[in-house]
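The values are calculated or read from the model by the stated rules, or taken from the named source; none is laboratory data. Given the structure is predicted, the values throughout are model-derived calculations rather than measurements. Using ideal geometry, Cβ is built from the backbone for each residue, glycine included, and neighbour counts are taken over all protein chains shown. Surface areas here come from the heavy atoms of the whole protein model, side chains and all, with no ligands, DNA or RNA. Shrake-Rupley method; radii C 1.70, N 1.55, O 1.52, S 1.80 Å.
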Amino acid sequence: MTMEGDQNSVETNQNSHPPAGAGGDGRNLELSGHVGFDSLPDQLVNKSVGQGFAFNILCIGETGLGKSTLMDTLFNTAFEAEAAPHDLPGVKVSSSTYELQESNVKLKLTVVNTVGFGDQINKEDSYQPIVEHIDKQFENFLQEELKIKRSMHGYHDSRIHVCLYFIAPTGHSLKSLDLVTMKKLDSKVNIIPVIAKADTISKSELHKFKIKIMSELVSNGVQIYQFPTDDETVADLNSTMNGHLPFAVVGSTEEVKMGNKMVRARQYPWGVVQVENENHCDFVKLREMLIRTNMEDLIEQTHTRHYELYRRCKLEEMGFMDTAPDNKPISLQETYEAKRQEHIQELQQKEDEMRQVFVVRVKEKESQLKHMEKELHERFDKLKKDHTEEKKQLDEKRRQLEEEINFFNKKKQTAAEEAMQHSQTMGKKGKKDK
Ligand code: GTP
Ligand code: MG
């Protein structure tokens, strides 16, 4: 028997003896006694059972289509769900998690509901909150994976594993809201379409309605979940069930006595619709496919297809890639280094641009200031000139006034002298007359 780790001796062996049977990776060897690794599947089962399972269902459908009732019927319990109001301005996503146990198997079930779906006049963005919710769960998982200290073991995986899309039992065709929503979601989640309240539609109409729905989905390129046919044990069952899609379901919280058994049913004045009667509806088919046969595949598909796509797009968006443009493999380290350099260059370029802008601004400001200084100088010169001119005029006026004053004083003096002479003359004349 060859021991693991004794790689060289195995390789030498392989060179001397061509590998028997298996395709090149290793040699088939006979064991000469019981080793025990045939218990690996049991070990896995025990481990999984110990850990418990998480399953997350998203129910999309117009208000009052029977989403909560179907969940109660599927899991044979009563989840506390309140009826949604019809007047919400937008679609809301509400999520509740429950711990269920059957035998010794624990299931952490999350039921995500759309509240107010289809109630708005403008339904254009009705899918948006749903897409955001699905992406958010992918993002949380990716962030956990990217952490240096990951705790994937105890991590509550909230990624949506299946979307039950409730179609109104109109008997006509899908509404454009249904097509748009399913188209937006088909690359993010496993969609299983169901015809809600199928007891309200006649058998022949239901048959035509199913065909119509499937042809509309195909012609609009909507990819719904196909039950896998690669596992031989379930291939036949699954391929038959693929032909029954979309399942016409009936839900009920009531139990009715049929013979000596209590069964889930809806009672009408004209008869009883038994939920678990395959002649009445496809509820059993849905439960079989969703819970009993393909739950694990739904979880796996979510991880390997939908999450993988999200992860790839997200990492590419962040600049990571597996191969360089020249098709050579590129490591995370190299990508990181290249991104760092790119970032540094970008920063440098931004810094240069800012510096240039700063220099231009400073120059502009400088020339503005110079211009203002020049203007101020010109105004100062003008004022100075005006002032000198005014002073000159004033001096001239003063000189004229002084001349006038002098002239006046002279005149005054002359007049006084004349008056004196006159009085003297008059005095002499008077004496003579006496
Ligand atoms: P919201 O949460 O308010 O959006 O409603 P919902 O989609 O959860 O519907 P819910 O399960 O509350 O059911 C609404 C009504 O439809 C209730 O009166 C149910 O009894 C009835 N109902 C549920 N399932 C069926 C069904 O399969 N057939 C018929 N005829 N009625 C159903
Ligand atoms: Mg509800």
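Consider the range 107-117 and keep the residues that are within 9 Å of ligand 1 (Cβ to nearest atom) and open to solvent by less than 20 Å² (accessible area, probe 1.4 Å). The one that is farthest from V162 (Cα to Cα) is G116. Checked against (1) open to solvent by less than 60 Å² (accessible area, probe 1.4 Å); (2) of a type outside the set (V, I, T); (3) within 40 Å of the chain's Cα centre (by Cα), A265 passes all but a single condition, namely (3). Screening the candidates G21, G26 for the property of being open to solvent by 60 Å² or more (accessible area, probe 1.4 Å), away from ligand 2 (no atom under 16 Å from the Cβ) and either assigned to a helix (DSSP H, G or I) or modelled with pLDDT under 90 (or both) yields one hit, G21. Of all residues in the range 119-129, one or more are away from ligand 1 (no atom under 16 Å from the Cβ), within 19 Å of the chain's Cα centre (by Cα) and buried (at least 19 other Cβ atoms within 10 Å of the Cβ). When S239, S252 are screened for being polar (S, T, N, Q) and in a helix (DSSP H, G or I), only S239 passes. Within the set V35, V45, V93, the sole residue that is among the hydrophobic types (A, V, I, L, M, F, W, C) and under 25 Å from D186 (Cα atoms) turns out to be V93. Cβ separations smaller than 6 Å between residues 6+ apart or across chains give the following pairs from the range 339-361 residues that are surrounded by 10 or more Cβ atoms within 10 Å (Cβ to Cβ) to residues that are not polar (S, T, N, Q): K339/G319.
Select from the range 41-61 the residues that are among the polar types (S, T, N, Q) and not in a strand (DSSP E or B) and write down the one among them that is least open to solvent (accessible area, probe 1.4 Å). Going through the qualifying residues, I end up with S48. What residue, among those in the range 171-208 that are hydroxyl-bearing (S, T, Y) and either farther than 23 Å from V91 by Cβ or assigned to a helix (DSSP H, G or I) (or both), is nearest to the chain's Cα centre (by Cα)? It comes out as T181. Restrict the check to the range 64-71 and report whether at least one residue is closer than 22 Å to H133 by Cβ and more than 16 Å from ligand 2 (Cβ to nearest atom). Among the residues of the range 64-71, not one is closer than 22 Å to H133 by Cβ and more than 16 Å from ligand 2 (Cβ to nearest atom), which makes the answer no.
Reported count of residues in the range 117-170, each being part of a loop (DSSP other than H, G, I, E, B) and either farther than 26 Å from R312 by Cβ or not aliphatic (A, V, I, L, M) (or both), is 26.
For G64, the conditions (1) loosely packed, with under 14 Cβ neighbours inside 10 Å; (2) of a type outside the set (D, E); (3) in a loop (DSSP other than H, G, I, E, B); (4) within 16 Å of ligand 1 (Cβ to nearest atom) are fulfilled apart from (1).
Would you please name the residue that is nearest to ligand 2 (Cβ to nearest atom), looking only at residues in the range 89-105 that are among the hydrophobic types (A, V, I, L, M, F, W, C) and open to solvent by 40 Å² or more (accessible area, probe 1.4 Å)? Checked the range 89-105; the qualifying residue nearest to ligand 2 (Cβ to nearest atom) is V93.
Scanning the range 229-255 for residues that are within 16 Å of ligand 2 (Cβ to nearest atom) and touching a Ser or Thr at 6+ places or on another chain (Cβ under 7 Å) gives G251, S252, T253. Residues of the range 67-78 that are surrounded by fewer than 14 Cβ atoms within 10 Å (Cβ to Cβ) and within 12 Å of ligand 1 (Cβ to nearest atom): A78 alone.
I'm trying to understand the selection: among the residues of the range 74-87, which are within 13 Å of ligand 2 (Cβ to nearest atom) and aliphatic (A, V, I, L, M)? Within the range 74-87, A78, A81, A83, A84 meet the criteria. Within the range 210-236, how many residues turn out to be open to solvent by 30 Å² or more (accessible area, probe 1.4 Å), at negative phi and in a loop (DSSP other than H, G, I, E, B)? Summing the residues that are open to solvent by 30 Å² or more (accessible area, probe 1.4 Å), at negative phi and in a loop (DSSP other than H, G, I, E, B) in the range 210-236 gives 6.
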